[in-house]
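Report on one structure; see the data block that follows.
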């Protein structure tokens with residue numbers, strides 16, 4: 001099982017802040033492909049990868065990053081701190 | 001080094017006084033404070049969401065990097081989350097060095113990284129609705145100078 005976290009409009013589109021999923025996805029991109037197929041709200045949240053960022057175990061990562069050993073995957077829009 | 005992520009308001013003067021007391025041997029201190037703009041009276045509030053855990057970790061990493069690169073005597077990052085109203089301080093950074101050029105540069109570096117690499121998201125609440133603030137290409141491009 002892997003923990004998925006959603007923030008900002010990704011959280012709003014999917015409708016929940018976190019969930020546990022069972023997956024055999026090898027990479028972040030594979031995981032996104034699985035999620036898109038689940039329901040329309042996931043397809044909407046993951047429609048445009050250019051406007052998404054991902055963190056693996058709280059470190060920013062690329063979409064082709066492997067998921068082996070990862071426990072927490074977070075999806076969110078580009079950050080707007082400061 | 002002090003890194004604080006908090007919902008509570010902070011006192012800029014008190015933070016800076018404590019920072020100055022910790023910055024032993026420094027000859028220059030630069031501080032920057034970000035304030036919620038009222039956007040010509042249209043903004044009712046700003047809601048700031050963050051990623052607990054990653055936020056603290058990424059801010060601490062930025063503080064460490066700046067301390068190493070500019071040989072900082074002391075570094076401070078305070079950033080709030082939750083609901084803020086116009087006029088309230090959102091965040092502040094302070095840097096202390098031997099000479100001012102390094103303190104200014106380190107503060108700019110921290111601000112550039114904080115804007116695009118710390119997991120905060122701002123939502124603007126107006127009388128007509130709410131919307132997430134979009135990241136600016138210029139903020140991302142600003143990282144290239146470091």
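Read the figures in this text as sums done on the coordinates, not as results from a lab. Owing to the predicted nature of the structure, the values given are computational and were not obtained by experimental measurement. When we count neighbours, we look across all protein chains shown, and the Cβ atoms used for this are built from the backbone with ideal geometry, even at glycine.
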Enclosed volume per residue, in Å³, of the convex hull spanned by Cα atoms of chain B
108 Å³
Roughly what % of Cα-Cα distances in the protein assembly as shown sit above 27 Å, to the whole percent?
39 percent
Could you check the spin-label model distance between residue A:48 and residue A:18? Points 7 Å from the Cα along Cα→Cβ, value in nm.
2.9 nm
More than 15 angstrom apart: percent of Cα pairs within the range B:24-85
65 percent
Put a dot 7 Å past each Cα toward the Cβ at residue B:130 and residue B:9; how far apart are the dots in nm?
2.1 nm
To the nearest 10 degrees, how steep is helix B:54-69 against the longest Cα principal axis of chain B, on a 0 to 90 scale?
30 degrees
For residue B:45 and residue A:1, extending 7 Å from Cα along the Cα-Cβ vector and measuring point to point gives, in nm, a value of 3.4 nm
By DSSP, what percent of the beta bridges with both residues in chain A are antiparallel, rounded to the nearest 5?
75 percent
Using only Cα atoms, tell me the angle between helix B:12-22 and the longest principal axis of chain B; keep it within 0 to 90° and round to the nearest 10.
20 degrees
Residue among B:39, B:47, B:15 with the largest mean-square fluctuation in a Gaussian network model of chain B, springs linking Cα atoms under 10 Å:
B:39
Counting other beta carbons within 10 Å of each Cβ, put B:75, A:70 in order, fewest first.
A:70, B:75
List B:81, B:50 from most exposed to least, where exposure is judged by having the fewest other Cβ atoms within 10 Å.
B:81, B:50
